[in-house]
Structures are given as structure tokens and as C-alpha cells.
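Take a look at the structure below.
The values are calculated or read from the model by the stated rules, or taken from the named source; none is laboratory data. Everything numeric here is computed off the predicted structure, so don't read it as measured data. Cβ sites come from the backbone with ideal geometry, for glycine too, and all protein chains shown count toward neighbours. Only protein heavy atoms, including side chains, enter the accessible area calculation; ligands, DNA and RNA are left aside. Shrake-Rupley method; radii C 1.70, N 1.55, O 1.52, S 1.80 Å.
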Amino acid sequence: MDMPQRVYNFSAGPGTLPLEVIQSVRKELPVYGNTGASVMEISHRSLAYTAIEASARAALRRLLGLGDAWHILFLQGGASMQFHQVPLNFLPEDGTADYLVTGTWAKKALAEAKHLGQVRIAASSEDRAFSYLPSGYDLDPHAAYVHYTSNNTVYGTQYAVAPNAPVPLVCDASSDFLSRPIDTDRYGLIYAGAQKNIGPAGVTVVLVRDDFLQRRNAPLPAMLDYGTHAAKCFNTPPVFAVYVVDKVLAWLERQGGVASMQVLNSQKAALLYDAIDATDFYRGTVVPEARSQMNVTFRLASEGLEARFISEAAAQGLAALKGHRSVGGIRASIYNACPLPAVETLAAFMEDFERKRG
């Protein structure tokens, strides 16, 4: 069967996947390897599936330079589950944790933590509608951890470098995971929903350093205890999602790894920000120094003009450009698998739209 023509997909999540990965999945879907069944039908304790998980873990170690001190977990419930699971495990009854509040998902993480103990807002950019990132932090040197969101999909901000903190960092890296190198020595735990940069919805990657893991509270519900999953395969994992993640990680390595991705992502983002900054027809929603290389957000003169932009772009195969429902405007999500030609086409469309409607 011929595949229908694909659009250029700028969805914020689930985001676009590499076409060659989709084609590989399509080819293997009826029968995986020599199992005689689909990967969705084989036992999660079979040699075939355990080899998939081992391959994905090995690829993550290579891509991020992770040593043996790190546990790699494939969990479920998305980043939203991590908002609860992190403080459940690591916020002591008599302690506190610091949170940097820089967007919608950071606020949600804070709200979940408040159900479980004492937390502090060490910095916030809510006073200016999350259009910037705080430059100073009121950090507690005795906090259990500092939680922050590395990239904010709704508002389009991204930390260029990780915050300096006297205690371990916990990072929600869902929307820029593996888009650039990171210094993992500064972290206790990193989590990322797969559906932005590394796979389909249904699996969350959690990286937890062993010395940080040993600080966790006890007792804990088995399913919500990171130690449970670090020790063994406790329950049925999201087999299909992990299988696709393994393929995406192999694709990333073929592209040259996270350093090469950083170069490409910078190139893609520059094309769109240059188009935004060329005149006053488009208005970026974020101060330049905080702009995301994953989610480019901007406005036009009116909501009617924005609706026309989205409609005409869609007619030309440029899909999912509508901003988050809470803020409106335009948002182009240009994750790792968004190809350069897609961004070049969007930049050309922006120039043409301005010429016709400006």
C-alpha cells in the first residue's frame, strides 16, 4: 500500500517522529524478528523484549555519557506522574524542596509537591506571563532538591544552561530531552515524557543517580518507589513505546548524537527567529535570551490574522501551528525529528504571508 502524503508536523506533543523510524516500525509490525508475532504481542519477559530494553538503555548511556551510577527506568504516567512521584520519594517529612516556576508544567509540578510536604518557590517568572527566565534564585542550601523545567512548551522559554544549585537538581526535561548535551553530574534525577523528542506517548524515561536514589523516603507504595523499578522489571512496561524509543535512539546516534542535534536545532530555531525579528509584522512572545530552540512562539496583530495564518499554513501542509489553548498565538514545535526542510518551508511561508497580508 502506498503511504498517503505526510505533512510537516509542528505539533507540541505528541511530536513528529523520524520517518525512517516509522517506516521501520511499519515493516516490522506484523512480525518482529524471529518471534513469529508482533512486538505488541510478545512477553515483556521474553529474550526479544529484554534485548530491546537493554539496547535502549545502552544507547542512552552512550548519548548522555552516563556511567554505572545512573539507573535508567521506563515508567508510565507521563511527566504528570513524575510531578507526584518525585516529592513522594525525595521530599522528607521534616524537610523542604525548592521549585523554579517558569511555566504551566512547573506550576503543576509545584502544586503536586505541595500535597506531600513543604516546598518553596525559589524563583518565578509568572509576574510577566512567563516571558522570561529568572536570573536569580532564593535557594535553600538544605533543600532536598531543586526542581526546574528545562524547556517550557506553552510559553516558549528554555534554560540555556542548568541553574546553579547547592543541592541536586531534578529536571523535567520532557520537551528538550536529547536535544543537546547536558552535564549530568549536577543532577539527582531527570525525567522526560517520550512524546516530544524520543518516541510515542506511553513511556516516560527516568534517569536517577544511585546516591540520590538511596535518599528516598520509606516506606513507599511499590509502584511509586523508584527503587522498585531500579531493582527489577516489576510490572508490564509499555512494550511498544519502548520499542519505538529504541529505534529513535539508534536514529539519533546515526545523526551524530546530541552534539549534532544541538547544531541542527540551533540552525532551525535561527531560521524562525530571524523571520520573526525581520520586521514588526510578527511579535515574539519571549525575551530573546530565554527563547526556546524547541518551541518557537509568536503573535500577529490580531487573533483573526493568526487564524488566517494557521489556516493558510495548513493548506500548504504546515500542520499543528496553533498555540496552546491557554495563551493562543502561533507555536512551531521543532523537535529533533522535525526536518530542516520543514522549517525552511515554514520560514518561506512566513515571508510570503507577510508580503500578502502585511
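At-a-glance table
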item	result
Surface accessible to a 1.4 Å probe, S266 within the full protein complex, Å²	40 Å²
222 nm mean residue ellipticity, helices alone, for the chain (DSSP H n ≥ 4; -39,500 (n - 2.57); rounded to 500)	-11500 deg cm²/dmol
Residue-span extension gain [R357 to D68] - 0.36 nm each, minus C-alpha spacing	98.4 nm
For region 1-142, projected area of the alpha-carbon convex hull averaged over all directions, nm²	13.6 nm²
Per residue accessible area of the chain, 1.4 Å probe, in Å²	44 Å²
Within the chain: Cβ-based charge dipole about Cα centre, in debye rounded to nearest 20 (Lys, Arg +1; Asp, Glu -1)	560 debye
Highest average packing first - 57-69, 326-338, Cβ atoms within 10 Å	326-338, 57-69
Set K108/K247; K322/K356; K27/K268; K107/K247; K27/K232; K114/K232 screened for pairs whose C-alpha atoms are more than 27 Å apart	K108/K247; K27/K268; K107/K247; K27/K232; K114/K232
Segment A278-T96, extension gain: residue separation times 0.36 nm, minus the distance between their alpha carbons	60.9 nm
Convex hull of region 77-213 built on C-alpha atoms - directionally averaged projected area, nm²	7.7 nm²
Largest to smallest accessible area among H44, H115 [probe 1.4 Å]	H115, H44
Normalised per residue, the volume of the convex hull around the Cα set of the chain (Å³)	134 Å³
Whole-percent carbon and sulfur share, accessible surface of the chain, 1.4 Å	52 percent
Paramagnetic label zone (point 7 Å from Cα along Cα-to-C-beta, L340; backbone N under 14 Å) in region 269-284	269-272
Rounded to whole Hz, the Karplus (6.51, -1.76, 1.60) HN-Hα couplings of region 315-320, x for glycine and proline	5, 9, x, 10, 9, 6
Signed unit charges on C-beta, dipole axis of the chain, positive-most listed residue L346, M294, Q316	Q316
Percentage relative contact order, region 96-146, counting C-alpha pairs under 8 Å, at least six apart	48 percent
Relative contact order for region 224-352, counting Cα pairs under 8 Å that sit 6 or more residues apart, in percent	23 percent
Amide H contacts of Y187 (H built 1.01 Å from N, under 5 Å, at least 5 apart or other chain)	L169
Under 5 Å, built H, 5+ apart or other chain: amide partners of N295	I334
Estimated vicinal HN-Hα couplings, Hz - region 295-306 in sequence order (Karplus 6.51, -1.76, 1.60; Gly, Pro = x)	10, 9, 10, 7, 10, 10, 5, 8, 5, x, 5, 5
Amide H partners (placed H, <5 Å) of Y155, local residues excluded	T104
